[in-house]
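Worksheet: the structure to be examined is printed underneath.
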There are 2 protein chains.
Amino acid sequence: MDVLVTGSYGRCGTALIDHLHGTGGYEFTYLDRSDPDEDHEYGEYETVVADVADEEAVRDAMDGQDAVVHLAGYPRVESSFDDVLEPNVVGTYNVLEAARRAEVESVVFASSNHVVGGYEASFAPEIYEPEAGIVVDHTDPVRPDSFYGVSKRFGEDLGRFYVENCEYPERFYALRICSVRHSEYDHPYGDAESGVDDGEWSRDSDEYEEMVARMKAMWQSRRDFAHQVECCLHDRCVDYGVFYGVSDNRRRWFDLEHARATIGYDPQDDGEEWDAPPE
Amino acid sequence: MDVLVTGSYGRCGTALIDHLHGTGGYEFTYLDRSDPDEDHEYGEYETVVADVADEEAVRDAMDGQDAVVHLAGYPRVESSFDDVLEPNVVGTYNVLEAARRAEVESVVFASSNHVVGGYEASFAPEIYEPEAGIVVDHTDPVRPDSFYGVSKRFGEDLGRFYVENCEYPERFYALRICSVRHSEYDHPYGDAESGVDDGEWSRDSDEYEEMVARMKAMWQSRRDFAHQVECCLHDRCVDYGVFYGVSDNRRRWFDLEHARATIGYDPQDDGEEWDAPPE
């Protein structure tokens with residue numbers, strides 16, 4: 001199976017490289033804005049260096065592919081409208097339109113939990129407690145919490161339009177990814193930006209406790225993510241589906257039954273295993 | 001109440017002028033791409049001549065308004081991605097962002113039946129027959145049938161983001177308008193483009209019959225549309241709502257109960273009254 005991966009050297013793309021590259025099932029083409037030799041440890045793979053906002057480059061890369069895993073985009077919830085317009089709105093159109101022209105069968109799209117982030121905003125931190133019993137599934141109304149979330153929902157709707165109205169792509173899978181990290185136990189709040197390392201708030205604080213609880217609820221291990229993408233690539237039944245990209249976390253507030261029943265997603269990990277790195 | 005109307009000289013905007021202007025309840029500001037003196041019969045009103053894609057012009061026009069009725073946009077279902085990107089995606093962002101800055105309380109947004117047009121594509125022409133019993137409501141999954149439909153859904157999602165995450169606007173009403181005509185009995189298929197007048201197909205044909213049945217299902221009379229907008233402008237309870245913009249047509253396949261119960265929409269007309277113009 002020939003598979004184009006856009007945004008191949010980000011957190012999610014490298015999880016695919018780690019777990020699926022060289023397994024024999026796929027001939028991957030990687031597309032990223034920067035050459036792996038320059039900025040990444042994944043320097044061994046040939047890469048189409050292009051921005052997904054570049055229509056022609058995307059069209060060239062799509063030629064001959066059976067599927068595309070579209071991960072490229074502006075990745076942060078802290079976003080302005082201008083941040084997301086080109087990378088996420090125009091970029092996803094470019095990918096879908098190129099897939100249509102190249103008669104690509106399946107599109108797996110990196111959507112986001114932020115499409116329904118309004119539920120978290122309303123119910124955090126209780127929502128991270130299993131006893132709260134709050135579960136959001138693919139049928140619940142979307143409540144985007146950011147321009148980023150709105151832009152990801154746009155990609156989902158555009159995917160539905162394509163599969164229902166065009167000959168190709170035949171199948172579209174929106175994965176509302178929760179939190180895939182750079183490495184399995186990479187701490188999302190350990191960087192300078194979060195304030196942990198520059199002393200803005202303490203590891204003993206309530207905020208810190210809540211962030212750890214959140215991470216245990218949201219985590220999708222790298223192997224579970226790669227497995228979920230593989231489920232989509234192997235599926236032949238779905239035309240349009242929305243699935244939560246999360247491990248089988250005790251604290252998750254996202255439904256997994258739809259993904260289990262529909263594409264056979266069978267996550268191995270639980271966010272309780274994930275924990276803050278040693279101080 | 002100070003109300004800005006964007007796209008004021010289109011089919012929907014002029015229905016507001018016909019039925020609400022001069023009733024004493026509203027101080028309207030009209031915004032349109034073209035001056036009414038040039039292209040319209042509505043030459044008596046002062047107009048902000050601007051495109052909604054012009055961020056600064058929209059911001060200036062929003063100043064001091066209590067509400068905005070945002071009707072401007074690329075209006076046709078036959079649309080390319082480029083057709084809708086600036087007018088509908090960027091334009092609606094400009095309107096919402098300007099409304100937030102100007103602390104405008106209510107936004108009434110011209111969404112479209114094409115957000116759920118996939119149901120029509122699947123079930124036409126049976127869907128136009130009352131006996132078919134097909135009713136789509138605001139909780140059904142969206143199935144956009146066009147780039148136009150996707151762009152209108154984007155506006156709905158963006159509105160939800162704003163009301164849930166920003167102080168203003170406080171209320172957002174998405175009206176999924178079905179078919180408002182230039183005049184009450186204006187025939188939508190009578191223009192050259194449709195092929196009626198240039199003999200491409202006959203008024204006795206099955207296609208013509210289906211188009212008339214469709215129009216009777218989709219019609220929203222100009223007075224019913226103006227009344228529905230007025231319901232939104234007077235409401236103080238909804239934060240985010242999606243309502244179908246349709247008269248009480250015997251053939252309608254859109255729910256009206258939600259609009260009746262939530263904003264008190266009480267349509268007076270039935271598409272059975274609408275009919276093809278004399279040959």
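The values are calculated or read from the model by the stated rules, or taken from the named source; none is laboratory data. Here the structure is a predicted model, which means the values were calculated and not measured. In this analysis, Cβ positions are derived from the backbone assuming ideal geometry, glycine residues included, and neighbour counts consider all displayed protein chains. Quick note on the areas: whole protein, heavy atoms, side chains included, nothing else; ligands and nucleic acids left out. Shrake-Rupley method; radii C 1.70, N 1.55, O 1.52, S 1.80 Å.
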Revision key, fill the gap. When the range B:60-92 is checked residue by residue, the ones that are open to solvent by 20 Å² or more (accessible area, probe 1.4 Å) and within 15 Å of the chain's Cα centre (by Cα) are B:71, B:73, B:74, B:75, B:76, B:77, B:87
Practice item. Scan the range A:69-85 and report the pairs whose first residue is closer than 18 Å to residue A:95 by Cα and at the interface with chain B (Cβ under 10 Å from one of its Cβ atoms) and whose second residue is polar (S, T, N, Q) and assigned to a loop (DSSP other than H, G, I, E, B), with Cβ atoms within less than 8 Å and a gap of 6+ or a chain change. Key: none
Exercise for review: Could you tell me which residue of the range A:109-168 is farthest from the other protein chains (Cβ to nearest Cβ), considering only residues that are among the acidic types (Asp, Glu) and under 23 Å from residue B:117 (Cβ atoms)?
Suggested key: A:167
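Could you pull out the residue among B:68, B:84, B:104, B:90 that is outside any loop (DSSP other than H, G, I, E, B), under 27 Å from residue B:27 (Cβ atoms) and β-branched (Val, Ile, Thr)?
Exactly one of B:68, B:84, B:104, B:90 is outside any loop (DSSP other than H, G, I, E, B), under 27 Å from residue B:27 (Cβ atoms) and β-branched (Val, Ile, Thr), namely B:68.
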Study note, to complete from the structure: Sole miss for residue A:101 among (1) more than 14 Å from chain B (Cβ to nearest Cβ); (2) open to solvent by 10 Å² or more (accessible area, probe 1.4 Å) is condition (1)
Check your understanding: Residues B:164, B:126, B:131: which one is touching a Gly at 6+ places or on another chain (Cβ under 7 Å) and more than 19 Å from residue A:158 (Cα to Cα)?
Key -> B:164
Review point. How about the range B:122-139: which of its residues are in contact (Cβ under 8 Å) with a residue 12 or more places away in the chain, open to solvent by 50 Å² or more (accessible area, probe 1.4 Å) and within 20 Å of the chain's Cα centre (by Cα)?
Key: B:135, B:138
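When you scan the range A:231-246, do you find a residue that is part of a helix (DSSP H, G or I), touching a residue at least 40 places away in the same chain (Cβ under 8 Å) and open to solvent by less than 10 Å² (accessible area, probe 1.4 Å), even just one? Don't jump to the end; show me each part of the working.
Keep residues of the range A:231-246 that are part of a helix (DSSP H, G or I), which gives A:231-234.
Retained after the next criterion (residues that are touching a residue at least 40 places away in the same chain (Cβ under 8 Å)): A:232-233.
After this cut, where a residue has to be open to solvent by less than 10 Å² (accessible area, probe 1.4 Å) as well, the list is A:232-233.
Scanning the range A:231-246, I find at least one residue that is part of a helix (DSSP H, G or I), touching a residue at least 40 places away in the same chain (Cβ under 8 Å) and open to solvent by less than 10 Å² (accessible area, probe 1.4 Å), so the answer is yes.
Right, residue B:54: touching a strand residue (DSSP E or B) at 6+ places or on another chain (Cβ under 8 Å) and either away from chain A (no Cβ under 14 Å) or not charged (D, E, K, R) (or both) or not?
Numbers: touching a strand residue (DSSP E or B) at 6+ places or on another chain (Cβ under 8 Å): no; either away from chain A (no Cβ under 14 Å) or not charged (D, E, K, R) (or both): yes.
No, not satisfied.
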**Study point:** Residue count for the range A:1-53, restricted to those that are in a helix (DSSP H, G or I) and of a type outside the set (D, E, K, R)
**Key:** 9
